[in-house]
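Let me begin by presenting the structure, written as C-alpha cells, before commenting on it.
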Amino acid sequence: VKQRFVRARGLHFPSPIFSEFDYFDDAILHIDNGYVKRFDAAQLFLNDGLHEDACEHHPEMLLLPGLIDAHVHFPQVEIIASFGDQLLDWLQHYTFPEEAKFADEPYARAAAVEFVDLLLAHGTTTAFTYATSHRHSADVLFEAAYAKSMRLVAGKVMMDRNAPSDLIDSLATGKADSEYLIKKWHGRGRLGYAVTPRFAGTSTEQQLQSAADLAAAYPDIWVQTHLSENLAELDWLRSLYRDFQDYFSLYERAGLATPRSVFGHCIHLSDNELARLAETGGIAAFCPSSNLFLGSGLFPLVAIRDKGIPIAIGTDVGAGTSLSMISTLGDAYRVCQLQSFSLDPLEAFYMATMGNARVLHLDDRIGNFCAGKEADFVLLNPSRNSQVASRVNTCQQIRDELFCYMILGDERLIEQTSVSGHVQFQQEPV
Ligand SMILES: [Zn+2]
C-alpha cells in the first residue's frame, strides 16, 4: 500500500460554500493507495506520532486540489494565438484545417499524449474535452489519459453539416461512433464520456436528437456543446432554423437540456432562456480567456448565478489562450470587473476545484481533500516567479495570496502535479 505524507501550506474547500475554506500554514495531506486519508494541520499528525522524516516537506509551497478544466478542445493546442477572427471565421480559417489533420491517427495520437502531459504541467488533473469528429481522436485521447490514471471526460465531436467534407460525420456514423466510444471508455478507469455535438450550427436537428437519444440511453454520461457565444453566430442560426425561437430552444426541443449538459459560453442568453436553463439544470461553462480573445462578449456571471444556474469554468483552448486554469481565473476576474463585479479570489479557486467538481457531478470523487477523495493535487511554488514571490511576501491572508497567483501567475508556478497519489509532473529543480 503506497503511503505519502505531503507537508506544505494547504488549502481546500470542504463544502459548497467558498467562504468556508480550510487553510493551514502547515498542513499534511496523507495519501493512502491513491486516495485521501486525511488532510489536517501538521501538528495534529505529529501529535499522533507521525515522524517528520516520513513527510515530503515543502514549507514555502501551497498544496491545492488538482485543477479542473470544464471546457477544452484537445486538437486546438496548435492554433492558440491565431490572429484576427471572431468565432465563425475562426472556425473556418483555423479550427477546421487543424482538426482535419487528426484524420491521420499517428498525428492524433502524438497530439493526445502531448495534450495530457500539458494538462498535468498546467496543474490540471481533470478536463472535459472535445476531440475532433474522427472516432480515433477520442480513442487516442482516452488511451493517453488512461495511461496516467487521469479522471478525464471527453467525446468525439458530432458534426453533420456546415463544415469541410473531410470533417463531417453523418447522422448514422455520428451516433454509431459515439456509442462505440461510450461502450469502450465510459466508466473504464477514471474516464467518462460526453456526447459532443459541436453546436447547433454544425449539427442537423436530427443529429442533435440522436445525441439526446444517447444521453437518455446512457444516463450517467455527460453532454457538452456550445451555446450563445457570439452575436453573428446567433444571427446565422436564426437564418439556419426556419422556426427559430431562441438559441437555447434548439437544444431544449432536441432533448439535450439536462442536468448533465455542459453549455460552453452562455453569453447572449435572454432572461427567458436563462430561466429555462435554470429549470432544466443545465450547466453554464464560463470561458473568460476565450471570450476576451475572440471578442465574443462578457459572461454575465452574476445574472447567471442569481438564476440558480450551475457555473463551471474552463479554458476553451484553442480560442482560450492558455491551458492554465490559474491565468484563466485572472481573466475571469477581468471579465467580471468590466461588469462592476469583483470576483473573490477564494470563489475563483473554489470554482476551479470543488466548484467544477460539484456542478459536473464529480464531487463524490474529486474537488477537495476530504477523506476518501481521489488524491489529485498540485504543489504551487511562488518562488518560481520572483515577482510573484516578492508580492506574495506582502500578503497577510491566503485570499490576497490567491489573488496574486491568478493575476500575476500561470502554470509556471506549478511545481508538482499528482494524480491518484502518483507524481505525474515535476518541474526541474531550480
Ligand atoms: Zn469551445
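The values are calculated or read from the model by the stated rules, or taken from the named source; none is laboratory data. Keep in mind it's a predicted model, so treat the numbers as computed, not measured. In this analysis, Cβ positions are derived from the backbone assuming ideal geometry, glycine residues included, and neighbour counts consider all displayed protein chains. Each accessible area value is taken on the protein alone, full model and side chains, heavy atoms only, with ligands, DNA and RNA left out. Shrake-Rupley method; radii C 1.70, N 1.55, O 1.52, S 1.80 Å.
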Give me the distance in nm between label points sitting 7 Å out from Cα along the Cα-to-Cβ direction at residue 244 and residue 423, one decimal. 5.4 nm
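If you roll a 1.4 Å probe over the chain with all protein chains in place, what percent of the accessible area is carbon or sulfur? Display every interim value, and only then the final one.
On the way: 7860 of 15830 Å².
Carbon and sulfur: 50 percent of the exposed surface of the chain.
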If region 342-422 were replaced by its equivalent ellipsoid, with semi-axes equal to the square roots of 5 times the Cα gyration tensor eigenvalues, what would those be, largest first, whole Å? 25, 16, 10
Cα convex hull of the chain - mean projected area over all directions, nm²: 19.9 nm²
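Report the semi-axes of the equivalent ellipsoid for region 210-350 in whole Å, largest first, where each axis is √(5λ) for an eigenvalue λ of the Cα gyration tensor.
Working through the eigenvalues yields semi-axes of 25, 17, 15 Å.
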Specify the inter-centroid distance of region 65-95 and region 9-24, based on alpha-carbon positions, in whole Å. 32 Å
Give the percent of DSSP beta bridges with both residues in the chain that are antiparallel, rounded to the nearest 5. 45 percent
GNM of the chain, Cα pairs under 10 angstrom: of 377, 244, 21, the biggest fluctuation goes to 244
Scaled by the rule-of-thumb 2.2 N^0.38 Å, the alpha carbon Rg for region 54-196 gives a ratio of 1.14
How big is the Rg/Rh ratio for region 263-307, C-alpha atoms only, Rh by Kirkwood, two decimals? 0.96
Kirkwood Rh, region 206-260, all Cα pairs: how many Å? 12.0 Å
Using the Karplus curve 6.51 cos²θ - 1.76 cosθ + 1.60 with θ = phi - 60°, work out ³J(HN,Hα) for each residue of region 92-104 in order, rounded to whole Hz, and write x for Gly and Pro. 5, 7, 10, 5, 5, x, 5, 5, 5, 5, 6, 4, 7
Under 27 Å between C-alpha atoms is the cut-off here; go through the chain and count lysine pairs that meet it, provided they're at least eight residues apart or on different chains. 21
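Enter the per residue convex hull volume of region 67-323, computed from alpha-carbon coordinates, in Å³ rounded to the nearest integer. Could the numbers behind the result be given before it?
Working: hull volume 27.7 nm³, N = 257.
Residue-normalised Cα hull volume stands at 108 Å³.
Counting only heavy atoms of protein chains, what accessible area per residue, in Å², does the chain have with a probe of 1.4 Å? Spell out each step's value before the answer.
Values: 15830 Å² over 430 residues.
Result: 37 Å² of accessible area for each residue.
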Cα atoms only, region 141-187: Rg and Dmax in Å? 12.7, 36
With bins of 10 Å, the percent of all Cα-Cα pairs of region 131-268 per bin from 0 is 13, 44, 33, 10, 1
Tell me the Rg and the Dmax, in Å, that the Cα atoms of region 1-75 produce. 14.3, 50
Could you let me know the centre-to-centre spacing of region 143-189 and region 264-302, using Cα atoms, in angstrom? 25 Å
Using only Cα positions of region 275-409, each an equal point scatterer, no hydration layer, compute I(q)/I(0) via Debye at q = 0.13, 0.22 Å⁻¹ and quote the log10 values to two decimals. -0.60, -1.42
Starting from the exponent 0.38 and prefactor 2.2 Å, build the expected Rg for region 292-372 from its residue count and divide its actual Cα Rg by it. 1.13
